[in-house]
Amino acid sequence: MSDTAAAQPAPKSNQVLRDIMGGSVVISILAVVLALIAGGILIALTDPGVQAASGYFFSRPGDTLSAIWTSVSGAYGALFQGSVVNFGATTFANAIKPLTNTLTFATPLIAAGLGVGLAFRAGMFNIGGQGQMLIAAAAAGWVGYSFPLPYGIHLILAVAAGIAGGAIWGGIVGFLKARTGAHEVIVTIMLNYVAVYLVSYMLRTPGLLQAPGSNNPKTPAMLPSAVYPDLLGPGFNLHAGLIVSIAATIFVWWLLNRSSLGFKFRAVGQNPNAARVAGIDVKRSYITVMLLSGGLVGLAGVAQVLGTVTSGFSSGIDAGIGFDAITVALLGRSKPWGIFVAGILFGAFKAGGFAMQAGQGIPVDIVLVVQSLIVLFIAAPPLVRAVFRLPTPGVASKKKPAPKQIAVAAK
Amino acid sequence: MSSPLSASAASGTNLATEVADPGTRATATQHEHPDSSNGLEKTIVKSYKAPIAFAIFTVIALVLFVVLGRDGVSTFRLSNDNDLIQLPALGVPTRIAGIVATVLLAVIAVLAYLRVRADRHVPLWLTSLFGVLFLFGFLAWAAAGQTLPVPGLLVGTVSLSVPLIFGAMGGVISERVGVVNVAIEGQLLAGAFASAVVASITGQPLLGLVVAMIAGALVSFVLAAFAIKYLVDQVIVGVVLNVLVIGLTNFLYSQVLSKNAEVLNSPPRFDRINIPVLSEIPIIGPTLFRQTIVVYLMYIGVAAVYFALFHTKWGLRVRAVGEHPQAADTVGINVSGTRFWNVLLAGAIAGLGGAYFTLGSVGAFNKEMTAGAGYIALAAVIFGQWDPIRATLAALLFGFASNLQNVLGIIGSPVPSEFMLMLPYVLTIFAVAGLVGRSRGPAASGRPYIKA
């Protein structure tokens with residue numbers, strides 16, 4: 001680990017190798033482990049069985065330990081069985097059903113995470129996922145239920161409307177930042193609330209989004225022609241939104257690593273002043289990246305209304321994904337494939353969390369705790385290194401006498 | 001991760017100074033300019049933002065109050081039945097009130113235009129007068145044929161504003177010392193949770209207040225540790241901390257509190273204390289001087305923060321560290337230490353605001369009971385231009401907007417309630433976009449200080 005860290009000036013092609021060996025992946029895994037341990041402690045402390053057994057801890061400590069083991073292993077066992085493989089299932093299809101649930105939950109997380117991550121790379125902090133998703137959901141949903149169109153065209157149109165809705169909501173932020181210097185963090189937070197109230201107003205107003213003949217703030221069901229097709233048949237929740245999310249991942253990878261626009265974004269993100277001197281239109285980059293970011297987050301809103309909840313939606317359709325996306329992007333280190341993996345991991349947490357709540361009676365909120373702890377630990381590698389007593393790359397490398405040789409060897 | 005954001009924040013600050021509004025410059029005496037290289041700062045730039053904004057609102061008034069004017073009599077009830085001094089209810093014909101308000105608004109807009117053309121700034125009192133007049137016209141229009149209970153409107157405003165003001169004070173201190181405090185929401189929620197549990201167990205609401213401060217400071221401790229020691233981006237830590245506190249309190253609420261609510265989640269509430277004489281002043285008395293101890297603490301707190309920030313050695317150091325940490329370091333101020341302790345203090349103050357939810361207004365802890373108040377407090381900090389008094393006024397405005405929505409909901413509002421609720425957020429967007437005055441935070445806010 002310390003060897004390759006010394007090879008800091010190595011060429012760009014060594015990026016992946018350096019990332020793996022340089023500790024960031026190791027740190028990520030250790031961060032997940034640390035967060036799970038902390039979550040386990042929390043589960044054990046609040047478990048009634050553990051509390052009862054700890055009352056006579058000094059006479060029979062074994063009871064307390066076994067109660068802790070029962071509660072924690074039961075919780076994480078349920079989490080695993082709810083998100084990956086259900087061992088109790090009789091058929092193969094039922095056994096892998098949790099995995100498909102995980103992928104269903106991951107679909108919007110990946111799309112929104114890509115949006116947030118892309119903005120990160122250009123130095124913009126998009127906390128407005130909630131608002132962008134809501135506006136996108138409203139736009140896609142409105143196209144999805146209001147006029148019948150042929151199969152295929154309808155779906156494409158609804159998806160496009162959703163992307164456009166998210167892009168506009170994100171674009172406002174980029175525009176204000178470029179024109180007036182308004183800080184995007186504040187503007188996105190504020191636009192979240194504006195979107196919440198705007199959409200809830202539309203949802204309870206007949207003629208806008210409310211289903212005709214209903215008093216509930218809910219839209220009509222989507223028309224079948226606008227719904228993402230099921231990937232594995234009607235028995236599973238998994239829908240074609242996953243393919244869209246995978247395509248979006250490839251697109252963002254291409255954009256960031258192979259296109260000149262992506263190069264500009266990264267240059268602006270690294271140092272806007274240097275980018276300006278180099279002739280890059282920084283303000284225009286802010287607008288473009290926020291349009292794209294909003295559009296990608298909008299894709300998550302589309303996945304919700306056209307894939308997961310097709311029977312009409314209400315104001316809670318964003319399901320906290322806009323905020324989860326920030327943690328996904330941070331865990332994935334703002335890299336497209338990193339975000340993809342992180343999205344699947346957090347999708348597994350979501351799917352498993354509900355199973356855990358149903359099976360073990362442990363509130364699903366523990367997942368929020370674990371998720372946020374993961375991000376905190378990942379954001380502070382020195383902390384994780386200190387906990388696990390790992391060497392610090394920069395410090396250790398000084399002892400190595402010949403960094404030149406290592407750089408050559410790494411090639 | 002920290003470099004792109006701080007770099008972008010820096011460029012954002014530059015932009016904000018370029019479009020600085022001369023209208024507010026004269027009043028914003030407490031702002032130091034960190035680098036005097038910007039010579040343009042001294043030259044007066046004509047900014048027509050204020051007159052343009054006034055004109056837009058005058059047109060809105062014209063459409064709403066005159067073109068779409070409603071007939072009838074709007075009655076403003078000025079006292080409650082049990083008040084010592086009874087004021088008669090004020091009844092105004094709706095349409096005439098609307099026309100008068102619109103004409104006066106137009107006059108102010110023209111006045112503002114003339115002042116800017118003569119290279120003079122638009123004074124704050126003129127803006128305030130404009131706001132009050134617009135509000136009067138709006139209330140008269142909304143309450144056509146109805147009675148609007150003014151005392152109830154104001155009492156509710158204070159009640160909704162208390163946590164916002166505490167949160168905003170926490171935000172002001174933290175940002176003035178150079179650490180962006182997005183975790184206000186988490187601090188409020190932690191304070192609410194801790195105070196509910198401790199006050200329920202001990203039966204002592206005062207003890208609940210103390211524990212709320214500790215809980216808020218604890219959230220701040222994590223923020224400070226990650227932001228100052230590990231140099232993690234402060235906004236990221238703040239957002240994640242909010243999620244963490246929401247997750248923790250939700251989990252503990254479902255797992256522990258709700259199963260044993262009588263013992264753990266039925267805190268005693270503070271009694272209202274009527275201040276003699278003052279509480280009998282019409283309108284002001286019931287609004288400000290028939291409150292709980294938390295509210296009186298808030299009055300003291302705002303005054304103390306204002307005085308300490310601008311008139312003590314501590315305040316000078318705090319502002320120096322937030323504006324120019326290198327300079328502060330050079331003259332021997334411990335930058336990291338100052339930041340650390342003041343972020344803790346900010347968390348403690350915000351925690352008090354959380355206690356108001358459980359010990360003052362609602363009475364028992366509930367999942368996510370702060371419901372975004374921390375983010376509104378953050379908005380108040382920015383809308384109030386990082387100044388304790390202005391931030392308090394901004395928080396009151398936000399509290400008023402949400403309470404107005406409640407009151408208008410009862411008497412039947414012509415405006416959908418969602419749009420009233422949206423108002424604070426839209427105003428904040430205008431504020432940060434520089435349309436309402438200038439928005440420039442402490443220069444080094446959000447940037448970690450790495451000692452060379």
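Our compactness index for the range A:108-331, the C-alpha radius of gyration over the empirical 2.2 N^0.38 Å, is 1.02.
The overall shape of the range A:168-298 is oblate: from the C-alpha gyration tensor, with semi-axes ordered a ≥ b ≥ c, the ratio a/c is 1.5 or greater and a/b is no larger than b/c.
Principal axis extents of the Cα atoms in the range A:264-330, from largest to smallest and rounded to whole angstrom, are 52, 21, 16.
Across all directions, the shadow cast by the convex hull of the range B:267-377 built on its C-alpha atoms averages 9.4 square nanometres.
Rounded to the nearest whole Hz, the Karplus-based 3J(HN,Hα) values (6.51 cos²θ - 1.76 cosθ + 1.60, θ = phi - 60°) of the range A:177-194 follow the sequence 5, 5, 7, 10, x, 4, 5, 5, 4, 5, 4, 5, 4, 5, 5, 4, 5, 4, with x at glycine and proline. When the Cα gyration tensor is reduced to axis lengths a ≥ b ≥ c, the ratio a/c is 1.5 or higher for the range B:331-452, and with a/b not above b/c it is classed as oblate.
Cross-linked pairs A:K177/B:K313; A:K177/A:K335; B:K313/B:K451; A:K335/B:K367; A:K218/B:K367: Cα-Cα separations exceed 31 Å for A:K177/B:K313; A:K335/B:K367. Around the amide H of B:V179, modelled in the peptide plane, lie the amide H atoms of B:G446, all under 5 Å away and 5 or more residues distant in sequence or on another chain.
Given +1 at the Cβ of Lys and Arg, -1 at the Cβ of Asp and Glu and no other charges, the dipole of chain B around its Cα centre is 540 debye to the nearest 20.
In this structure the amide hydrogen of B:F76, modeled in the peptide plane, comes within under 5 Å of the amide hydrogens of B:L90, B:G91, B:V92, B:L148, none closer than 5 places in sequence on its chain.
With contacts taken as Cα pairs under 8 Å at a separation of at least 6 residues, the range B:90-155 carries a relative contact order of 49 percent.
The solvent-accessible area of B:M420, taken with every protein chain present and a 1.4 Å probe, is close to 10 Å².
Here the Karplus curve 6.51 cos²θ - 1.76 cosθ + 1.60, taken at θ = phi - 60°, turns the phi angles of the range B:232-244 into couplings of 6, 3, 5, 5, 4, 4, x, 4, 5, 4, 4, 4, 4 Hz, with x standing for Gly and Pro. Between amide H atoms placed 1.01 Å from N, distances below 5 Å from A:H239 occur with A:L231, all of them 5 or more places distant or on a separate chain. Averaging 1/r over every pair of different alpha carbons in chain A and inverting the result gives a Kirkwood radius of 23.1 Å. The stretch between A:S214 and A:F92, if pulled fully straight at 0.36 nm per residue, gains 39.8 nm over its current Cα-Cα span. The 3J(HN,Hα) values that the Karplus relation (6.51, -1.76, 1.60; θ = phi - 60°) gives for the range B:151-165 are, in residue order, x, x, 4, 6, 4, x, 4, 4, 4, 6, 7, 3, x, 4, 5 Hz. Gly and Pro appear as x.
Residue farthest toward the positive end of the dipole of the protein assembly as shown, with Cβ of Lys/Arg at +1 and Asp/Glu at -1: which of A:I29, B:T127, A:S225? Of the candidates, A:I29 comes out farthest on the positive side. Only Cα pairs under 8 Å and 6+ residues apart enter the sum, and on that basis the relative contact order of the range B:265-364 stands at 33 percent.
With coordinates expressed along the principal axes, the C-alpha atoms belonging to the protein assembly as shown extend over 81, 70, 61 Å, beginning with the largest.
With a/c under 1.5 counting as rounded, go ahead and sort chain B into rounded, prolate or oblate using the C-alpha gyration tensor (a ≥ b ≥ c being the square roots of the eigenvalues; past the cut-off, prolate if a/b is larger than b/c, else oblate). In terms of gyration-tensor shape, oblate.
Other residues whose C-beta falls under 12 angstrom from the C-beta of B:D329 contribute a net charge of +3, scoring Lys and Arg +1 and Asp and Glu -1.
For the range B:49-148, place one equal point scatterer on every Cα, skip the solvent, and apply the Debye formula. What is log10 of I(q)/I(0) at q = 0.12, 0.22, 0.25 Å⁻¹? At q = 0.12, 0.22, 0.25 Å⁻¹ the computed log10 ratios are -0.46, -1.00, -1.16. Taking 0.36 nm per residue of separation and subtracting the Cα-Cα distance, full extension of the segment from B:L87 to B:A327 would add 80.7 nm. Here the protein assembly as shown carries DSSP beta bridges of which approximately 65% are antiparallel, counting only pairs with both residues inside. Summing charges over neighbours of A:I366, with a neighbour being any other residue whose Cβ is under 15 Å away from its Cβ, gives -1 when K and R count +1 and D and E count -1.
Each Cα pair under 8 Å and six or more residues apart adds its sequence gap; the mean of these over the residue count of chain B is a relative contact order of 25 percent.
The values are calculated or read from the model by the stated rules, or taken from the named source; none is laboratory data. Keep in mind that what you see is a predicted model, and the values were worked out from it rather than measured. Glycine also receives a Cβ, built like all others from the backbone with ideal geometry; neighbour counts cover every protein chain displayed. With ligands, DNA and RNA removed, areas are computed over all heavy atoms of the protein, side chains included. Shrake-Rupley method; radii C 1.70, N 1.55, O 1.52, S 1.80 Å.
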